[in-house]
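J.: Quick one: this structure, given as structure tokens, is what I'll be asking you about.
What follows is calculated from the coordinates using simple rules that are stated; it is not laboratory data. Computed from a predicted structure; not experimentally measured. With ideal geometry, Cβ positions are generated from the backbone for all residues, glycine too; neighbour counts draw on all protein chains shown.
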Amino acid sequence: MTEENAWVVRAQQGDDDAFTQLVETYQKPVYNLCYRMLGEPDTAEDAAQETFMRAYQNLHRYDSSRAFGTWILSIAAHYCIDRLRKKKFSVFSMDAEDEDGMPFEVADPASPDPEAESVKLEDRKRLNLLLKDLDPTDRAAVIMRYWYDYSEIEIAKSLNLTVSAVKSRLHRSRKALAGMWQAEKSRAHPERRSRESLAF
Amino acid sequence: MNHLPFEEWLLNDMPVTPEQQRDLDLHLRTCAYCSALSETTRMLSTSKMAAPASGFTARFQMRLAEHKVAERRRKLWGAILFTLAGLILLMWAIGPYLASFIASPATWISTGVGWLIFLGTTLFALFDASIVIFSIVPKFLPPFVWLVLFSMFAGVGLLWSVSIWRFTQRGMPQGV
């Protein structure tokens, strides 16, 4: 039995300290998922806290044949999807992230090429903003694929979808992101448009 | 512009040979859409994890403690309201009888004794009847009928137990 499984068993028996260990271990992945889904640090914090609370309340239903990480991320994803469907966010202030992934990224002045670094940073920030235009379930699939390296099977299990539905959602989202990115770049650099080929 | 097979390579994150990579690079220079697809994939793949502000676990512990207090309070109020509602219903149901019992206890005592006697005699009669049935019926029923009957009861019992076990053991649905 791994240390994590031992914490889960102890937590299921009512040991709050063991559950605290699980919170300590999974706070970053859960928070990141909520942040990428919801786009605001405060809302993401609240969603991550709520995710752990739901996990605590439903710990007796946890199927130990699955990884705890997958289970809790699944709870977080479903919670964020529900939240997004219930409330349309008028503000989506994805501020990008710093070295530790904290949501207040700034370009590193000590970098060999701070200007290029700053451009990369801006690009990542803009891409994160584009995520908000995806359907919540598509967004969750993209986040699980690229931030957590989940396979299509794992995403399907986590989001209660079929593998083919996950594939199709990932393709659709990637195409949509590319289209939006292209449009965004054309807006930002209109002079380049004449030299580039049409996408479709 | 024809994006095949480059779009497929990019969308499926397929590994490419050096020759294919060369063709892809050439295509990316002329195709804005595939170039955007490639760029977004690279950026998604290199994005970092966002971390919560420090003290997340402590904040969770506070939230959990508050939740437990609220839960205890909710249970206490629930129990108080449930008991009160039960008492009110009970009073509403037995109030008239209680009033008449208090008004004339002799009538109620005689009625109660009458009911007790009736209950006792009925139980005795049923007991006698069952003794008679159990002494007569086995003579008419062959042993295999008893076997079938007991097997049926055992089967139904087993089915019932298994259903309850499966119902309680079923895992938590995803995304509670």
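J.: Using +1 at the C-beta of Lys and Arg and -1 at the C-beta of Asp and Glu, which of B:SER163, B:LEU90, B:ALA103 has the Cα lying farthest in the positive direction of the dipole of chain B?
T.: My answer, from the dipole projection, is B:ALA103.
J.: Neighbour counts of other C-beta atoms within 10 Å: give me A:SER173, A:SER186, B:SER45 arranged from fewest to most.
T.: Ranking A:SER173, A:SER186, B:SER45 by Cβ neighbours within 10 Å, fewest first, gives B:SER45, A:SER186, A:SER173.
J.: In addition: Would you grab the residues whose amide H sits under 5 Å from the one on B:SER47? Only those 5+ places off in sequence or on another chain, please, with H modelled 1.01 Å from N.
T.: Long-range HN contacts for B:SER47: none found.
J.: Let me ask something additional. Would you mind giving the mean number of other chain beta-carbons within 10 Å of the Cβ of each residue in A:177-183, as a whole number?
T.: 6
J.: Convert each backbone phi in segment B:51-68 into a coupling constant with the Karplus relation 6.51 cos²θ - 1.76 cosθ + 1.60 (shift: θ = phi - 60°), then list the ³J(HN,Hα) values in order as whole Hz, x for Gly and Pro.
T.: Taking θ as phi minus 60°, the curve returns 10, x, 5, 4, x, 4, 5, 5, 5, 5, 4, 5, 4, 5, 4, 4, 4, 5 Hz for segment B:51-68.
J.: Right, something else. For chain B, just list the percent of Cα-Cα distances falling in each 5 Å bin from zero outward, please.
T.: 1, 5, 5, 5, 5, 5, 6, 7, 7, 8, 8, 6, 5, 4, 4, 4, 4, 4, 4, 3, 1, 0
J.: Please give, to one decimal in nm, the separation of the simple spin-label points placed at A:ALA116 and B:THR30, each 7 Å out from Cα toward the Cβ.
T.: Using points 7 Å along Cα→Cβ, the separation is 2.7 nm.
J.: Quote to one decimal, in nm, the extra length available between B:LEU141 and B:PHE167 on full extension: 0.36 nm per residue of separation minus the C-alpha distance between them.
T.: Gain on stretching B:LEU141 to B:PHE167: 5.6 nm.
J.: Sticking with this structure for a sec: Given the C-alpha centroids of segment A:126-182 and segment B:8-52, what is the distance between them in whole angstrom?
T.: 16
J.: Going Cα to Cα from A:LYS132, which lysines come in below 24 Å? Please leave out same-chain ones fewer than 8 positions away.
T.: A:LYS28, A:LYS86, A:LYS87, A:LYS88, A:LYS120, A:LYS157, A:LYS167, A:LYS175, A:LYS185, B:LYS48
J.: Place a point 7 Å from the Cα of B:ARG73 along the Cα-to-Cβ direction; which residues of segment A:48-85 have their backbone N under 17 Å from it?
T.: Within reach of a label on B:ARG73, which here means backbone N under 17 Å from a point 7 Å along Cα→Cβ, segment A:48-85 contributes nothing.
J.: Have a look at B:LEU24, B:LEU87, B:LEU141 and tell me which one the Gaussian network model of chain B (Cα, springs below 10 Å) gives the largest fluctuation.
T.: Maximum fluctuation in the GNM of chain B, among the listed residues, is at B:LEU24.
J.: How much net charge surrounds A:GLU184 when only the other residues with a Cβ under 12 Å from the Cβ of A:GLU184 are counted, with Lys and Arg +1 and Asp and Glu -1?
T.: 0
J.: Set the Förster radius R0 to 25 Å, insert the Cβ-Cβ distance between A:THR70 and A:ASP16 as r into 1/(1 + (r/R0)^6), and round the FRET efficiency to 0.05.
T.: With R0 = 25 Å, the Cβ-Cβ based efficiency is 0.65.
J.: Can you tell me the alpha carbon radius of gyration of segment B:25-91 divided by the globular rule-of-thumb value 2.2 N^0.38 Å?
T.: 2.66
J.: With the radius of gyration and the Kirkwood radius both derived from the Cα set of segment A:12-87, what is their ratio Rg to Rh?
T.: Radius of gyration relative to Kirkwood radius: 0.97.
J.: Using a 10 Å cut-off on Cβ to Cβ distances, tally the other chain neighbours for every residue of A:69-79 and report the average as a whole number.
T.: Per residue, the number of nearby Cβ atoms from other chains is 2 on average.
J.: Across segment A:17-24, in residue order, what do the Karplus-derived ³J(HN,Hα) couplings come to in whole Hz, using 6.51 cos²θ - 1.76 cosθ + 1.60 with θ = phi - 60° and x for Gly and Pro?
T.: Result, ordered by residue: 5, 5, 5, 4, 4, 5, 4, 4 Hz.
J.: Calculate the spin-label point distance for B:LEU87 paired with B:ARG63, positioning each point 7 Å from the Cα along the beta-carbon direction, and give it in nanometres.
T.: Placing both labels 7 Å along Cα→Cβ, they lie 3.9 nm apart.
J.: Which value, to two decimals, describes the C-alpha radius of gyration of the protein assembly as shown once divided by 2.2 N^0.38 Å?
T.: Ratio of Cα Rg to 2.2 N^0.38 Å: 1.60.
J.: Can you list which of the trypsin sites (Lys or Arg not before Pro) found in segment B:87-176 are DSSP loop residues with at most 13 other C-beta atoms within 10 Å?
T.: Those that pass, being in a loop and sparsely packed, are B:ARG170.
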